[in-house]
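Enquirer: Structure in structure tokens, see below.
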Amino acid sequence: MTSIFSNSIAQSISQPSSEDLVIWRYMDFTKFVALLETRSLFFARITCLDDPFEGSFPVSQTPLDRILGMLPQNAFPEGARITISPSPGLEDHWKVMRNWAMVSCWHALAHESAAMWKLYAPTSVGVAIRSTVGRLRQALGTPSPPPKGFFGGDRYHIGMVDYIDFSSSRISTENAAAQFFQKRQSFEYEHELRALFMQWPIKTDGWFDHDQRPNDAGQQFPVDLETLIYEIRVAPMAPKWYLNLVTKMVERYGISVEPIQSQLDETPIY
């Protein structure tokens with residue numbers, strides 16, 4: 001079941017153009033130190049992200065439509081009348097799944113982004129790490145097996161976010177993940193790639209427990225920083241002392257990458 005489920009996810013999300021695709025993570029100094037200290041990436045729960053449309057479906061895609069999308073073609077005879085019988089949690093299944101889906105979000109663009117600095121590290125004491133899709137995949141490796149009472153989580157799913165028109169588009173329901181790689185067109189500027197991890201509670205009979213909820217905003221997952229980090233840049237207009245501080249922190253945690261100033265600070269030629 002797990003391998004089939006995982007393969008169907010890969011088929012229903014947009015794959016990056018190359019394992020060498022450049023990705024960035026912009027953050028403030030405290031989050032950078034936390035990354036070095038914990039040697040782990042924080043995966044935020046979908047329910048804790050700013051956009052309330054995360055994990056939702058277009059208005060025309062009703063719960064019945066989604067259920068039918070999960071079934072093989074010609075599962076019912078032509079003209080059959082289909083209704084949803086009362087079943088606790090069935091109509092709310094996708095809403096509840098938002099609690100158990102966690103993501104690590106990256107900006108996928110070859111060059112440094114002034115907009116991303118302003119959004120995620122708006123002061124002069126921010127840090128950006130540069131990596132690639134292949135490095136991220138290798139650095140994350142394989143997650144630990146699910147704890148007792150949970151299912152899923154046999155791998156991280158990495159894909160591009162598609163920006164769609166929620167008034168007319170359709171999202172695949174062949175698995176429990178495609179909706180977490182869809183966002184409204186208003187967010188296209190993010191050029192987002194994300195790593196998804198899902199692990200949900202099950203009852204003793206093996207069915208999804210719709211009543212249980214997590215008590216945290218996300219989880220930390222171990223990552224090989226030496227593999228992940230290709231380059232470190234400090235924020236535009238950061239003072240010299242800040243670059244020196246970041247350099248000392250990197251050395252202290254044994255990362256063999258020398259931080260550099262943002263390319264946005266290069267001197268113009270008139």
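Enquirer: Does at least one position in the stretch 156-175 carry a residue that is on the phi > 0 side of the Ramachandran plot and in contact (Cβ under 8 Å) with a residue 12 or more places away in the chain?
Expert: The answer is no, given that none of the residues of the stretch 156-175 is on the phi > 0 side of the Ramachandran plot and in contact (Cβ under 8 Å) with a residue 12 or more places away in the chain.
Enquirer: Looking at the stretch 118-134, I want the residues that are farther than 14 Å from Ser104 by Cα and touching a residue at least 24 places away in the same chain (Cβ under 8 Å) and have a partner that is in a loop (DSSP other than H, G, I, E, B) and not charged (D, E, K, R) with Cβ atoms under 6 Å, at least 6 apart or on another chain. Which pairs are those?
Expert: Ala121/Ala235; Ser124/Ala235; Ser124/Met237; Ser124/Ala238; Gly126/Ala235; Arg130/Tyr230
Enquirer: On to the next question. Taking the stated definitions as given, is Glu226 outside any helix (DSSP H, G or I), over 20 Å from Asp51 (Cα atoms), of a type in the set (Asp, Glu) and at pLDDT 95 or above?
Expert: So Glu226 fails the test.
Enquirer: Let me ask something else. With under 19 Å from the mean Cα position of the chain (by Cα), at pLDDT 90 or above and buried (at least 20 other Cβ atoms within 10 Å of the Cβ) as the only criterion, which of Phe187, Phe181 stands out? First the steps, then the outcome.
Expert: Details: Phe187 fails: buried (at least 20 other Cβ atoms within 10 Å of the Cβ).
Unique residue meeting the criteria: Phe181.
Enquirer: Taking the stretch 117-136 as the search range and keeping residues that are over 19 Å from the mean Cα position of the chain (by Cα) and surrounded by fewer than 18 Cβ atoms within 10 Å (Cβ to Cβ), which one is nearest to Pro16 (Cα to Cα)?
Expert: Filtering first and then ranking leaves Lys118.
Enquirer: Follow-up. In the stretch 77-116, what count of residues is obtained for those that are at pLDDT below 95, charged (D, E, K, R), assigned to a loop (DSSP other than H, G, I, E, B) and surrounded by 11 or more Cβ atoms within 10 Å (Cβ to Cβ)?
Expert: Number of matching residues: 2.
Enquirer: Please report, ordered by residue number, the strands (runs of 3 or more DSSP E) entirely within the stretch 134-175 with at least 2 residues that are under 23 Å from Asp92 (Cβ atoms). Step through it out loud before you land on a result.
Expert: Numbers: elements: 150-152, 157-160, 162-164.
Ranges flagged: 150-152.
Enquirer: Just checking, how many residues over the stretch 190-212 are in a loop (DSSP other than H, G, I, E, B) and at pLDDT below 95? Lay out the reasoning, then the answer.
Expert: So the first thing to find is which residues in the stretch 190-212 are in a loop (DSSP other than H, G, I, E, B), and the list is 191, 203-207, 209-212.
The next check asks that each one be at pLDDT below 95; those that pass are 203-207, 209-212.
Of the residues in the stretch 190-212, 9 are in a loop (DSSP other than H, G, I, E, B) and at pLDDT below 95.
The values are calculated or read from the model by the stated rules, or taken from the named source; none is laboratory data. It should be emphasised that the depicted structure is a prediction, and the values quoted were computed from it without experimental measurement. FYI the Cβ positions are ideal-geometry reconstructions off the backbone, even for glycines, and counts take in every protein chain you see.
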